[in-house]
There are 2 protein chains.
Amino acid sequence: MSDQLPPKSAAQITADVLASFEGCSDARLRELLRALVSHLHALVTETRLTQDEWARAIATLTATGQITDDHRQEFILWSDALGISMLVDALANTVPAGATESTVLGPFYVPDAPLRQWGASIAEEGGAGVPALVHGRVLSLDGSPVAGAELDVWQNGADRLYAVQRPEAPEDHLRGRFRTDDDGSYAFVAVRPVPYPIPYDGPVGSMLELAGRHPWRPAHIHLIVRAEGFRTLTTHIFDADSEYLGSDAVFAVKPSLLRTFLEHGSGEPGAPEGVTGDWVSVQSDLVLTPAP
Amino acid sequence: MSDQLPPKSAAQITADVLASFEGCSDARLRELLRALVSHLHALVTETRLTQDEWARAIATLTATGQITDDHRQEFILWSDALGISMLVDALANTVPAGATESTVLGPFYVPDAPLRQWGASIAEEGGAGVPALVHGRVLSLDGSPVAGAELDVWQNGADRLYAVQRPEAPEDHLRGRFRTDDDGSYAFVAVRPVPYPIPYDGPVGSMLELAGRHPWRPAHIHLIVRAEGFRTLTTHIFDADSEYLGSDAVFAVKPSLLRTFLEHGSGEPGAPEGVTGDWVSVQSDLVLTPAP
């Protein structure tokens, strides 16, 4: 009687699933599927996940699918909030000593920002924030200047929002592309960035609340630096005086990316063109890694 | 200069994410989130997941969300096809020696099937398949009969489909509830089940194809057995002569659940009422585990 056979153990189920991928002819896919199954099964087994908890996990994934659309990517938000995006970045983008480190792209990047003049402002609306002169040089590892490098920059305004989050904002508000001069120097006028929360009205927000975590990111300006012969660098300039540097909701802070924003009074020499009130300035050299 | 600090290692990112859950006041949630992060980070680190592979994973999850609706649950299908549903079942439903084992509920169960007479048929359309007399007793561990137990049964027809997959089918076709007699016996007339593929036109189907796996399940009849004083049992009767017993797409086969369907010729005594052609019969006693 087959009734006499021993019940199938949890370990045997895992072994059966792993064996099911034996016929996979793509060696890398086989490796990834087996690693996925090994870790998910170990997660279930070690925690002795209950059927109710499994049902809640399915409901959370389903809700994540429902809130995701062309303007919102809650699966990437999970990846960010669980530190997976930063981990993938860290594994892909190890840099030699002295090169500028990378960090997350984030969900607010929009390609094809307008090419602007050296030193121009990216603010296309008044009241976007305290003017911030951002300047420095793009360098290679040996300290030589990289002329003609492209900086693609974007940031949020004093209202915490990126232009892409505000349908009424000018499309190119608070973003732009700049080229370095022959000495590798760049400059543009931004606004002082402020901390902002990641979207917290969905499943990721529920997790953060239940876990006792906040949704805030420290103040930063995004940059992508592209130059021929160098690896493209996706990074931030973090305000070294910002709140939340020690608890970024997406774990993207690297100490090497902190920069001090210097405060300047009204009328102080060196103010960007047209700026009459208080302003700030921040200097950051960007050292590129050679292309492989 | 903060530029001099060492870059953050992959291990440090994982440690930072784990530490972020220190403030979680729900100890079980904290345990689950930390185990989730530990295993997902180990998966990424061990496989050195690339940014392209990460992007494909995000796209697969997004497609899973898009195909999921009130009639289709692709996240549960992933859980089934990766053996997670069976693993959760195995951990939740260990049974004492001699008790009938459980297996997956599957996506085709619909509550509130009609209560039918002892021995009645669940087929409400002609041509549903070869008539199958299903009979046996519901017993407790000491072999005593369980009177008044409820069997909630459902199955696919010879066309491979469950009624819930066919909008034109009578709502109660191939499903019903039955009660055991005073001697614990039950009987109903089903049709001989046939193998069928799980839905394979979505992301799970793509994975199966790329992995060299087929989507088929071996032939089975679903049962839920409910009786006061006993743990509710969700199980299958598998046809011991079916194809795919060794490669069920959802890993739900347990040897103790195989039963031989006996074949009977036209006119053989014991044929179910109204059956004039060939028929089959299968006997299965169902032994319940006491409620905790």
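The values are calculated or read from the model by the stated rules, or taken from the named source; none is laboratory data. Since the model is a prediction, treat every value here as computed from it, not as a measurement. Note: ideal-geometry Cβ built from the backbone for every residue, glycine included; neighbour counts use all protein chains shown.
List of remarks:
- Within the range B:82-99, the set of residues being hydroxyl-bearing (Ser, Thr, Tyr) and surrounded by 22 or more Cβ atoms within 10 Å (Cβ to Cβ) comprises just one member, B:Ser85.
- Only one of the numbered conditions (1) over 30 Å from A:Glu273 (Cβ atoms); (2) modelled with pLDDT under 95 is violated by A:Val44, and that is (2).
- Boolean, B:Trp118 is of a type in the set (Phe, Trp, Tyr) and either touching a Gly at 6+ places or on another chain (Cβ under 7 Å) or surrounded by fewer than 20 Cβ atoms within 10 Å (Cβ to Cβ) (or both): yes
- Of the residues making up the range A:139-162, those that are touching a Pro at 6+ places or on another chain (Cβ under 7 Å) and buried (at least 16 other Cβ atoms within 10 Å of the Cβ) are A:Leu139, A:Gln155, A:Asn156.
- The residues listed here are B:Val104, B:Val138, B:Val134; of these, the one that is assigned by TED's automatic domain parsing to the domain that holds B:Trp279 and part of a loop (DSSP other than H, G, I, E, B) is B:Val104.
- Test for A:Val225: is it under 30 Å from A:Gly126 (Cα atoms) and not polar (S, T, N, Q): yes
- Condition check for A:Leu29: within 7 Å of another protein chain (Cβ to nearest Cβ), under 29 Å from the mean Cα position of the chain (by Cα) and under 20 Å from B:Asp52 (Cβ atoms): yes
- Enumerated strands (runs of 3 or more DSSP E) restricted to the range A:230-292, each holding at least 3 residues that are under 18 Å from A:Gly106 (Cβ atoms): A:233-239
- Within the range B:222-252, the set of residues being crowded, with 22+ Cβ neighbours inside 10 Å and free of Cβ contacts under 8 Å to residues at least 60 places away in the same chain comprises B:Phe238, B:Asp239, B:Asp248.
- Taken over the range B:67-94, the criterion of being more than 7 Å from chain A (Cβ to nearest Cβ) and in contact with a Pro (Cβ under 9 Å, 6 or more places away or on another chain) is satisfied by B:Ile67, B:Arg72, B:Gln73, B:Glu74, B:Leu77, B:Trp78, B:Asp80, B:Ala81, B:Thr94.
- The residues in the range B:189-226 that are over 19 Å from B:Leu133 (Cα atoms), among the hydrophobic types (A, V, I, L, M, F, W, C) and in contact with a Leu (Cβ under 9 Å, 6 or more places away or on another chain) can be counted, and the count is 5.
- Unique residue being more than 7 Å from every other protein chain (Cβ to nearest Cβ), at pLDDT 95 or above and more than 18 Å from A:Phe251 (Cα to Cα) when the list is B:Ala15, B:Ala57: B:Ala57
- Index of the failed condition, A:Ala63 passing every other in (1) touching a residue at least 60 places away in the same chain (Cβ under 8 Å); (2) in the same structural domain as A:Asp142 (by TED's automatic domain parsing); (3) aliphatic (A, V, I, L, M): (2)
- Odd one out for A:Ala90, checked against (1) within 30 Å of A:Ala169 (Cβ to Cβ); (2) assigned to a helix (DSSP H, G or I): (1)
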